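What follows is calculated from the coordinates using simple rules that are stated; it is not laboratory data. What you see is a predicted model, and the numbers here were worked out from it, not measured in a lab. Note that we place each Cβ from the backbone using ideal geometry, even for glycine, and neighbour counts take in every protein chain shown.
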Amino acid sequence: MSRAPEADDRRVARPVLNRAVPNDRKGRPDWLKVRVKVTPEFERIARLVKEQSLHTVCSSASCPNLGECWSRGTATFMIGGNTCTRRCGFCDVATGRPEGLDPFEPGRVAHAVAELGLRFAVVTCVARDDLPDGGAGQMAATIRAIRARCPGTGVEVLIADYKGDESALRTVLDADPDVLNHNLESVERLQRKVRAAASYERSLRVLRRAGELRPDIPTKSGLILGMGERDEEIEQTLRDLRGAGVRLLTLGQYLRPSEEHLPVDRWVTPAEFDAWGERARALGFEQVASGPLVRSSYHAETLASDPDGPAPG
């Protein structure tokens, strides 16, 4: 991995950032205040998720876009159960000892995709370090179930690092997802604090190897800003992701789920997100979604289907 650029490195055209907004730990700025409007479509998805005994990252991870996404008829399914074997400092998904895998879960996800009429489905997972394959087989089975039930539907998967196990990665790639996403989440210096059971280098290797094994499947990753990273570290991380062949990128603001999670270091302004989005595109990312409320699955169909078009903000 290349060195971090020095502050006086004139080869790096960094964004001009606005540091005027203080870190208000007692309240979010206006651009982060979201009201959930319950619509008939929202209620339909809520009923379907409950009836099919499914989990969504929208609710399990306290996503701020739940109201928007469910009201426009889409959701991000989370497989492998609702309990993660890892405890990341930013994530609201429950941690503990998971139950065994549900062999009928892939079929129920496919049923929900069909019922919702999704043209593009996003499936994520909890980390299952208790399983020999880390849950890769369940992810592959879910992709195939969606393909069988909804042959015209695109599928994006957000995977764990599988502890760097290439056979697990191959299992998922062999099921032919349309996009393979693995989030780096933060800069190298903060990795132990942000996701102690993971590794910056291992995640980059997973992304790089996925692109080498299946160059026809775009790789995607995401960063959460506002946890104490420095500008030069963001720049270096973007360069490292591009060096690993990552083509699609998301950048969003960290929102503290509870007092037990990492504190917010600062609120990153919309103008800063715009600047980092432009910087990422200049570095060669084909499509970028960058904004305070952007999450890894936010408007995923846009990034996947129109890599040369305008990026959502």
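Below are the figures for this structure:
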{"item": "Beta bridges per DSSP with both ends in the stretch 30-305, % antiparallel, nearest 5", "result": "5 percent"}
{"item": "For residue 95, distant residues with modelled amide H under 5 Å away", "result": "84"}
{"item": "Dipole of the stretch 30-305, positive end: most advanced residue of 250, 173, 110 [Cβ charges, Cα centre]", "result": "110"}
{"item": "Hz values of 3J(HN,Hα) by residue in the stretch 99-112 - Karplus curve (6.51, -1.76, 1.60), Gly and Pro given as x", "result": "7, x, 5, 8, x, 8, 4, x, x, 5, 4, 4, 4, 5"}
{"item": "Of 134, 32, 206, farthest towards positive along the dipole that unit charges on Lys, Arg, Asp, Glu beta carbons give the stretch 30-305", "result": "134"}
{"item": "Label point distance in nm, residue 87-residue 34, each placed 7 Å from Cα along Cα→Cβ", "result": "2.6 nm"}
{"item": "Overall form of the stretch 30-305 per C-alpha gyration tensor (a/c, 1.5; a/b vs b/c)", "result": "rounded"}
{"item": "Size of electric dipole in the stretch 30-305: Cβ of Lys, Arg +1 and of Asp, Glu -1, about Cα centre, debye, nearest 20", "result": "220 debye"}
{"item": "Qualifying aspartates and glutamates (Cα of each under 18 Å from Cα of residue 50; at least 8 residues distant if same chain)", "result": "41, 102, 105, 115"}
{"item": "Karplus 3J(HN,Hα) series, Hz, for the stretch 178-186 with 6.51 cos²θ - 1.76 cosθ + 1.60 (x for Gly, Pro)", "result": "7, 9, 10, 10, 9, 7, 7, 6, 8"}
{"item": "Table column - 3J(HN,Hα) (Hz), the stretch 123-131, Karplus curve with 6.51, -1.76, 1.60, x for Gly and Pro", "result": "10, 10, 8, 7, 6, 10, 5, 7, 9"}
{"item": "Residues with amide H under 5 Å from that of residue 155, placed H, sequence gap 5 or more", "result": "121, 178, 179"}
